[in-house]
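Computed from the coordinates by the stated procedures, all read-outs in this text should not be read as laboratory data. Note that the structure is a prediction, hence the values are computed from the model and not measured. Note that we place each Cβ from the backbone using ideal geometry, even for glycine, and neighbour counts take in every protein chain shown.
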Amino acid sequence: MRDLTACPECDLLLNSTHVTATKGGATCPRCAAELFRRHPDSLERSLALTCAALVLLFLANSFPIVGLNIQGHQVETTLFGTARQLWRDDMPIVAVLLLATTVVIPLVEMLAMAWILFPLRFQRRPPGFALLIRALQLAHPWAMVEVFILGVLVSLVKLSHLADVLPGPAIWCFGALMLVLAALSTVLDHRTLWQSWERAA
Ligand SMILES: [Zn+2]
């Protein structure tokens, strides 16, 4: 049972003996869809990207996102400042969604990834591995750094007609975080994680 692989396109179930894996990965014999792709040093790269994401997330929440200069009066705000203001303006659901999708869920996701990847890198089995992998799959669609960046950019362009808009350091950190998260999802797949877990002591 454990050696079965399902084609993501046509649902063909393949035993590991029927999968012809090449150096780059494997394709489905029926529809030629990609079954998996191999990335060299997948665990090491994923671990490095996870650490980078944690640092960027910390920086993105420590510095102002945006500053506005309206007739000589300058104001700037951080992400937490924005959420606090939304809460005060009777928009608690928006404030909670903002913090959850841009800070809490990405932070928990990256901490869980570090919890999984550090022991696996040293051939150790992380406690709660299967549970964490399932939780990560459930939580992932709720991490919306990309949507947040797009929203901020659209708002900044609209605001630029009313005031001088000064992008803060946090917006660059969020931009870099978006790229790091995209790279992480490219170099790491669950197949590699499960195989590393099986090999670990
Ligand atoms: Zn197929």
Simple spin-label estimate for Val75/Phe122, 7 Å along Cα→Cβ, in nm, reads 4.9
Once each part is reduced to its C-alpha centroid, what is the distance from the range 58-114 to the range 149-198 in angstrom?
14
Rounding to the nearest 20 debye, state how big the charge dipole of the chain is about its Cα centre with +1 on each Lys and Arg Cβ and -1 on each Asp and Glu Cβ.
620
If the elastic network links every pair of Cα atoms under 10 Å, which of His190, His161, His39 fluctuates the most in the Gaussian network model of the chain?
His161
Can you compute the charge dipole magnitude of the range 65-152 about its Cα centre, using +1 on each Lys and Arg Cβ and -1 on each Asp and Glu Cβ, nothing else charged? Give it in debye, rounded to the nearest 20.
540
Would you pull out the residues with amide H under 5 Å of Val66's amide H, same chain only if 5 or more places away, H placed 1.01 Å from N?
Thr77, Gly168
Grab the alpha carbons of the chain, take their convex hull, and tell me the volume per residue in Å³.
154
Under the Karplus curve 6.51 cos²θ - 1.76 cosθ + 1.60, θ = phi - 60°, whole-Hz ³J(HN,Hα) for the range 145-157, x wherever Gly or Pro sits
4, 5, 5, 4, 4, 4, x, 5, 4, 4, 5, 5, 4
Label points 7 Å out from Cα along the Cβ direction at Leu131 and Leu97: separation in nm?
3.1
Helix 105-121 sits off the longest principal axis of the Cα atoms of the chain, rounded to the nearest 10 on a 0 to 90 degree scale, by 40
Within the chain, longest stretch clear of exposed trypsin sites (Lys or Arg not before Pro) (DSSP loop, no more than 16 other Cβ within 10 Å):
39-123
Tilt of helix 79-88 relative to the longest C-alpha principal axis of the chain, in degrees (0 to 90, nearest 10)?
60
Checked against the positive end of the charge dipole of the chain (+1 on Cβ of Lys and Arg, -1 on Cβ of Asp and Glu, about the Cα centre), the farthest of Ile171, Leu49, Leu156 is Leu49
